[in-house]
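The values are calculated or read from the model by the stated rules, or taken from the named source; none is laboratory data. Here the structure is a predicted model, which is why all the values come from computation and not from measurement. Here Cβ is always computed from backbone atoms with ideal geometry, including for glycine, and neighbour counts include all displayed protein chains. All accessible areas refer to the heavy atoms of the entire protein, side chains included, with ligands and DNA or RNA removed. Shrake-Rupley method; radii C 1.70, N 1.55, O 1.52, S 1.80 Å.
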Amino acid sequence: YHSRPMLGSEYEQLGAFLETVAFAAAPTFLREVFEYDRTNVAFQSTVPHGLQSGERKSWFVLFQNVSGFFVHPVGLEVLVDHSSLDISQWAVSRVFYNGQYYRDMVQLESAYVQGRISVEKVRKAPWDGDFSSMKPRAPSAALFPLQFEPQGPRYSVRNNHVLFQAWSFAFGLSVSTGLRLFDIRHKGERVAYEISVQEALSVYGSNCPGGMSTRYMDGSFGLGRYTSPLVRGVDCPYSATYVDTPSLSGSLRPEKRKASICIFEQNLGSPLRRHYSNLQSLYYGGLVNSALVIRSIATVGNYDYVWDFIFYQNGAIEGKVQATGYPSSSFFHGDGLRYGNRLWEHTLGTIHTLSINYKVDLDVGGVKNSLVAHDMAFEMTRAPWNPEQQIERPRLTKKVLDTEDQAAFRLQSKMPRYIYFAANSKNKWGHQRGYRIQITSFAGDHIPEASSMERAISWARYQLAVTRHKEEEPTSTSIYNQNDPWTPTVAFADFINNETITNEDLVAWITAGFLHIPHSEDIPNTVTVGNSVGFLLRPYNYYDLDPSIYSHDGVFFTSKQDFTACEINPLACLPKTASCLPNFPPFTYDGFQNM
């Protein structure tokens, strides 16, 4: 029971405890140092709750209660023991202020009254947060570019089923893990049974107790539960399709989350493929890179995660997350620069890793697959036409990965550059049909395996691990791992036990992430540019040729054709077919209702 996630009721009880019990023991200190009036401080609690199994103790870090409070620490942190089910037994276990530890609030008050405390007064911020305000510093000017569909959407959404050109899939939103897809098909053939987010992990460093003990496993809070309503024109294109989703969490009845998913086709402004020929024959051939995107955005505390799954016309699927929101911070003091950068007068942006885990249950040409690795090696050979000369040429290396141990690639280890799920069938050219896994990641180091809590997040040891599909291994983690990582309910490392994975139903577990060292440009908050990681699933000999050649969007004309004629070049029709702006629906937003 001690490992349960925190409910809103427990947070309310803890807030009341801090106000009526803990703070009541240090009235002079709070009044004179913080001008405390019961409304001007905000709390952020740390997880996991304690340092060993069975504990439920939380550091509460105090901030000024202003917009963007995450970057307004005031220097006071309070450790509360709330293990007992009897609230009257809750107690303050330790207090930290400006680099010094105290037994409790009584000792802090006594030391302050006696003049034995080094006080660092924080300038009172206005309600909008001043430097942390996201209010634009410039007036509106010319409107930014808009995207629209001249002849209406080329996709359809019916309940939770999406059709787009050769693609079809079902989508859902898990309370814990957020956006997930099922039964993904291309040209009518299943490519994947499930593609889903599993966890978002952040491991922080600091010279303050709250920061140094923080390991957020955001699935326990709820990546779906904290999916935020999407804003037209910013979070998604204005004319996207917005989908409401039901959610059952922390209440007896499901709630409707308005506009929590958006679906849209996006012209990426570049060619998917092209060639201009000025040798022999003169022609141009190309295809605009237009893809379908399904998106949700989760706001978990200070972080905002933009979750995308993207479907391309060549049969590729991309899973991507972009991180934004506010950086987490500690009060700047002492040797703080060992743990981050100073962002403002009293604000230390604390170093942390962010690791995202995905489950990718591919079914390539059927349920039974094998895992194959292709790479390269240079070989030295004598030029057959001139044996006195040596040529270094790259050659293809091939290996079938037979066991789960061989298919578990540690985070910073070298991994074959082409690794793919291979079907039992072959394409026209005699190659095993396959889907390649390509990971984009800039991950920081994993927590040392000697750590007592590492097994709870052992999925983060691996950039890729492929295991046999088992009904008893549906997820890589558990919501209960957050608050008792020392006795984890699910330990992913146990999934890997050297079983054979040749011609079996396989699952890929992918970890992508980055190291974030907050810097001054993270004020007022972090941008998505450069903070995007994920993976691609790409056809590898799956088809006999690129399936996008059958796209209706293709453009081709020769030097001898009239490329201004619509029947030759559809782009020539744009002045006629896209001459009118669409009727955009009025702007609405339900994000501040029923909070």
For this session: Report, in debye and to the nearest 20, how large the dipole of segment 8-132 comes out about its Cα centre when Lys and Arg carry +1 and Asp and Glu carry -1 on their Cβ.
Result: 320 debye
Problem set entry | Extension gain (nm, one decimal) between Val106 and Lys576, 0.36 nm per residue minus Cα-Cα | 161.4 nm
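Find how much the distance from Leu248 to Thr487 grows on full extension, using 0.36 nm per residue of separation minus their present alpha carbon separation; answer in nm with one decimal. It would help to have the intermediate numbers written out before the result.
Working: separation 239, 0.36 × 239 = 86.04 nm, distance 2.72 nm.
That pair, Leu248 and Thr487, stretches by 83.3 nm at full extension.
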Exercise. With a sphere of radius 11 Å drawn around the Cβ of Ile297, what net charge do the other residues whose Cβ falls strictly inside it have (Lys, Arg +1; Asp, Glu -1)?
Worked result: -2
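If DNA, RNA and ligands are ignored and the probe is 1.4 Å, what is the ranking of Ser140, Ser355 by accessible area, most exposed first? Show your work: numbers first, answer last.
Working: Ser140 120, Ser355 15 Å².
My answer, sorted largest first, is Ser140, Ser355.
For segment 8-132, report the % of Cα-Cα distances exceeding 26 Å. Walk me through the numbers before you get to the answer.
Details: 1546 of 7750 pairs.
More than 26 Å apart: 20 percent of the Cα pairs in segment 8-132.
What shape does the chain have by the C-alpha gyration tensor, where a ≥ b ≥ c are the square roots of the eigenvalues, rounded means a/c under 1.5, and otherwise prolate means a/b greater than b/c and oblate the rest?
Working: a/c = 2.09, a/b = 1.60, b/c = 1.30.
Judged from the Cα gyration tensor, the chain comes out prolate (a/c at least 1.5, a/b above b/c).
Classify segment 321-374 as rounded, prolate or oblate from the Cα gyration tensor: take a ≥ b ≥ c as the square roots of its eigenvalues, call it rounded if a/c is under 1.5, otherwise prolate when a/b beats b/c and oblate if not.
prolate
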Problem set entry | Ranked order, Met105, Met212 - accessible area, probe 1.4 Å, largest first | Met212, Met105
Problem set entry | Options Ala456, Ile496, Ser220, ranked by Cα towards positive dipole end of the chain, top entry (Cβ charges) | Ile496
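Give me the accessible area per residue for the chain, probe 1.4 Å, as a whole number in Å². Please report the intermediate quantities before stating the final value.
Details: 28760 Å² over 595 residues.
Per-residue value: 48 Å².
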Exercise. If the limit is 21 Å between Cα atoms, which of Lys258/Lys320; Lys187/Lys398; Lys187/Lys426; Lys320/Lys399; Lys57/Lys121 go over it?
Worked result: Lys258/Lys320; Lys187/Lys398; Lys320/Lys399; Lys57/Lys121
Exercise. According to a simple spin-label model (label point 7 Å from Cα along Cα-to-Cβ), what is the distance in nm between Glu35 and Lys187?
Worked result: 6.9 nm
Exercise. What ranking, highest mean first, results for peptides 45-54, 173-182 when packing means the other Cβ atoms within 10 Å averaged over each residue?
Worked result: 173-182, 45-54
For this session: Using only protein heavy atoms and a 1.4 Å probe, report how much of Asp244 is accessible, in Å² to the nearest 10.
Result: 60 Å²
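On alpha-carbon atoms, Rg over Rh for segment 536-586 using Kirkwood Rh? Don't jump to the answer; show the numbers that get you there.
On the way: Rg = 16.8 Å, Rh = 14.4 Å.
Rg/Rh: 1.17.
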Seminar exercise, completed: As straight-line cross-link partners of Lys124, the qualifying lysines (C-alpha separation under 22 Å, not fewer than 8 residues apart within one chain) are Lys135
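Given a 1.4 angstrom probe, I'd like the percentage of the accessible area of segment 8-132 that is carbon and sulfur, rounded to a whole number. Mind showing how you got there, number by number?
Numbers: 2840 of 5770 Å².
C and S atoms contribute 49 percent here.
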For this session: Run the quick spin-label model on Ala91 and Asp402: label points 7 Å from Cα toward the beta carbon, then report their separation in nm to one decimal.
Result: 6.1 nm
For this session: Would you mind classifying segment 424-476 by shape? Square roots of the alpha carbon gyration tensor eigenvalues, ordered a ≥ b ≥ c; an a/c under 1.5 is rounded, otherwise it is prolate if a/b is larger than b/c and oblate if not.
Result: oblate
For this session: Treat each spin label as a single point 7 Å out from the Cα along the C-beta direction, and report the His374 to Ile517 distance in nm.
Result: 3.9 nm
Seminar exercise, completed: Phi angles of segment 43-52, converted by Karplus (6.51 cos²θ - 1.76 cosθ + 1.60, θ = phi - 60°) into ³J(HN,Hα) in whole Hz with x for Gly and Pro, give 10, 9, 9, 9, 9, x, 8, x, 10, 7
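How much FRET efficiency would the formula 1/(1 + (r/R0)^6) give for Lys414 and Ser452, where r is the Cβ-Cβ distance and R0 is 30 Å, rounded to 0.05? Mind showing how you got there, number by number?
Details: r = 29 Å, r/R0 = 0.98.
Result of the calculation: an efficiency of 0.55.
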Exercise. How much of Val157 can a 1.4 Å solvent probe reach, expressed as accessible area in Å² and rounded to 10?
Worked result: 50 Å²
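Could you give the length gained by full extension between Ile391 and Glu10, i.e. 0.36 nm per residue of separation minus their alpha carbon distance, to one decimal place?
Details: separation 381, 0.36 × 381 = 137.16 nm, distance 7.08 nm.
Difference between extended and current length: 130.1 nm.
What percentage of the solvent-accessible surface of segment 431-564, computed with a 1.4 Å probe over protein heavy atoms, is contributed by carbon and sulfur atoms?
Values: 3100 of 5930 Å².
It is 52 percent, rounded to a whole number.
Which value, in debye to the nearest 20, gives the size of the charge dipole of the chain about its Cα centre, when Lys and Arg are +1 and Asp and Glu are -1 at the Cβ? Please report the intermediate quantities before stating the final value.
Numbers: 53 positive and 58 negative charges, 255 e Å.
Dipole of the chain, to the nearest 20 debye: 1220 debye.
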Seminar exercise, completed: About its Cα centre, segment 494-547 carries a charge dipole, from +1 on Lys and Arg Cβ atoms and -1 on Asp and Glu Cβ atoms, whose size in debye to the nearest 20 is 220 debye
